[in-house]
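One structure is given here, and the rest of the page talks about it.
The values are calculated or read from the model by the stated rules, or taken from the named source; none is laboratory data. Remember, it's a predicted structure, so these values are computed and weren't measured experimentally. Heads up, the Cβs are rebuilt from the backbone with ideal geometry, glycines too, and the neighbour counts pull from every protein chain shown. Heads up: the accessible areas ignore ligands, DNA and RNA and are worked out on the full protein's heavy atoms, side chains in. Shrake-Rupley method; radii C 1.70, N 1.55, O 1.52, S 1.80 Å.
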Amino acid sequence: MNEIKIALLGLGTVGTGVYSSIVERKGALEELLGKHLRLSSILIKDPSKSRPTVGGVPVTSDFEKAIGEEAPDVVIEAIGGIEPARTYIIQSLEAGCHVISANKDLIARHGEELSERAAEKGVRFIYEASVGGGIPILRTLRELLRINRIQHVEAILNGTSNFILSHMRTTGSSFEEALKLAQQKGYAEPDPTNDVEGLDAFYKAMVLSKWIYGVQPSWEEVQVEGIGNVLLEEIQLAEQIGLRVKHLVLLNESLNLEVKPVFVDSDHSLYGVEGVDNAVRIQTDLLGCLTLQGPGAGAEATASAIVEDFLSIYETGEAYRDKPAVSAVTQKKQEQGDRTYLLIGDKVDFTKDRVASLEKHGTILDRTSLRFSHASLAALLYDGPLPSTQDDFIPVNSIYPVRLSKSSSGTEREKVLVAE
């Protein structure tokens, strides 16, 4: 039985999860592949830092020693960030190693370059684990939907933000309390900026766009908004009219991309996606709607995807070909602004005359108001264009887009795949 040597770069949260998964499932992996597996080295940054015991595996802070004179067959990059991860990946590819990474920031910026270098060397650069945690999003899109045109995507791609919003709604906790719990559970990093400000979801969305359409939107033109400004009172108000807030990636074939908090109704397929789960709702021209859902935060979910990537190197036989870039006609942006909004403001501002003035432009679908300890707030679910003049517009504290499900009218058939 031949041997496969694996070098692991990084032994943080993700790296430790990968190490444990390989060790615990070594027998099953060897049976599937028909080859022996050996962790040949583990690269760490700080030798003085306390880490889990990794019996029998050489640990080093020197990359050259980690690769060794006889290069490993597979290098798993679990360092994170741009550098030195990018340099290490390039050197691994140049040495003839397959490389697996879940580094969405790096892949969003340099994925094309790294894939081209891998192709030149006849090896694989695989990054399924970079989008959606444990959900096989990229593989599903490439292998199962090859003849479908993907018209648009709505996705929850950050498990930390989804956990925080879910916890606030179900427990009445503040944003700060929910974030602290997410950090205690290991869902959020000590510096949670990328998660709560939407950057993590943005990087994943850029990877997804390149994968689906062969090109990315201009980075400068993408609207990215996190969840830090969503108030508990707003979540509670919206629940009174059957809405929940989700931090969504909205991407379509015109390369319009937005990353922001959006309220969805109870018939929407992402309404019930709670906790650390991620989910992707894909609209295609032939299949209709497909929703994939599964764990999206934590070491186990990412480690699962990385190990599946490892298996795919030896099971799929060849690298994916690059997706052709969309045509210039398809790339042309179209103005398709949201028409349904949740307007939240002080109850005293929602006078009868002002609501009537707003109704000259559209339709009030629902309304509610609640008294909190410090104030009374009101919310209107409004369908139509927002008035351009202040005379016709109610002063509000917040305006949120709302996605109403088409499936509730029976016009769509939706298939749901849930990863346990």
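Of note:
- Folded to 0 to 90 degrees: helix 13-24 orientation relative to the chain principal axis, Cα: 50 degrees
- Cα gyration tensor, segment 71-178 - rounded (a/c under 1.5), prolate or oblate: oblate
- Extension gain, Leu370 to Glu176, is 67.6 nm, computed as 0.36 nm per intervening residue step minus the present C-alpha separation.
- Vicinal HN-Hα couplings computed from phi for segment 393-401 (Karplus, 6.51 cos²θ - 1.76 cosθ + 1.60; Hz; Gly/Pro x): 10, 6, x, 10, 7, 9, 10, 10, x
- Taking Lys26, Lys204 and ordering them by how much accessible surface each has at a 1.4 Å probe, largest first, produces Lys26, Lys204.
- DSSP bridge pairs, the chain: antiparallel proportion in percent, nearest 5: 60 percent
- GNM result for the chain, Cα springs below 10 Å: residue of Glu220, Glu253, Glu112 fluctuating most strongly: Glu220
- Accessible area of segment 80-156 belonging to carbon and sulfur atoms, whole % at 1.4 Å probe: 47 percent
- Helix-only arithmetic for the chain: the sum of -39500 (n - 2.57) across DSSP H runs with n ≥ 4, divided by the residue total, places the mean residue ellipticity at 222 nm at -9000 deg cm²/dmol.
- Take 269-275, 302-308, 382-388, 350-356 and order them by the average number of nearby Cβ atoms within 10 Å per residue, most first; the result is 302-308, 269-275, 382-388, 350-356.
- Placing +1 on each Lys and Arg Cβ and -1 on each Asp and Glu Cβ, with no other charges, gives segment 22-78 a dipole about its Cα centre of roughly 260 debye.
- Net length available on complete extension from Thr60 to Asp392 is 112.9 nm, with 0.36 nm assigned per residue and the Cα-Cα distance removed.
- A crude spin-label estimate for the pair Ala119 and Glu30, with each label 7 Å from Cα along the Cβ direction, gives 3.7 nm.
- Portion, in percent, of the accessible area of segment 159-274 that falls on carbon or sulfur, probe 1.4 Å: 43 percent
- Segment 61-93: GluC sites (Glu not before Pro) in DSSP coil with no more than 15 other Cβ atoms inside 10 Å: Glu69, Glu70
- List Ile76, Ile147, ordered by accessible area with a 1.4 Å probe, largest first: Ile147, Ile76
- Label-to-label distance, Glu112 versus Ile399, with points set 7 angstrom from Cα along the beta-carbon direction: 3.4 nm.
- Candidates Asp46, Asp195, Asp265, ranked by Gaussian network fluctuation over the chain, Cα under 10 Å, top entry: Asp46
- Distance from segment 1-78 to segment 284-304 (C-alpha centre basis), Å: 27 Å
- Order of exposure, largest accessible area first, which applies to Trp211, Trp219 with probe 1.4 Å: Trp219, Trp211
- Unsatisfied cross-links (Cα-Cα over 23 Å) in the set Lys65/Lys210; Lys180/Lys210; Lys65/Lys204; Lys35/Lys210; Lys210/Lys260: Lys65/Lys210; Lys180/Lys210; Lys65/Lys204; Lys35/Lys210
- Column: log10 I(q)/I(0), Debye, Cα scatterers of the chain, q = 0.13 Å⁻¹: -1.12
- Dipole size of the chain about its Cα centre, with +1 on Lys/Arg Cβ and -1 on Asp/Glu Cβ: approximately 460 debye, rounded to the nearest 20.
- Extension reserve of the Ile90-Arg51 stretch, reckoned as 0.36 nm per residue once the Cα distance is removed: 11.4 nm
- Placing unit charges on the Cβ atoms of the charged side chains and taking the dipole of the chain about its Cα centre, the candidate lying farthest along the positive direction among Tyr271, Ala238, Ile107 is Tyr271.
- GNM on the chain, alpha-carbon springs under 10 angstrom: the most fluctuating residue among Gly294, Gly133, Gly122 is Gly122.
- The aspartates and glutamates within cross-link reach of Lys49, meaning a Cα-to-Cα straight distance under 16 Å and a gap of 8 or more places when in the same chain, are Asp62.
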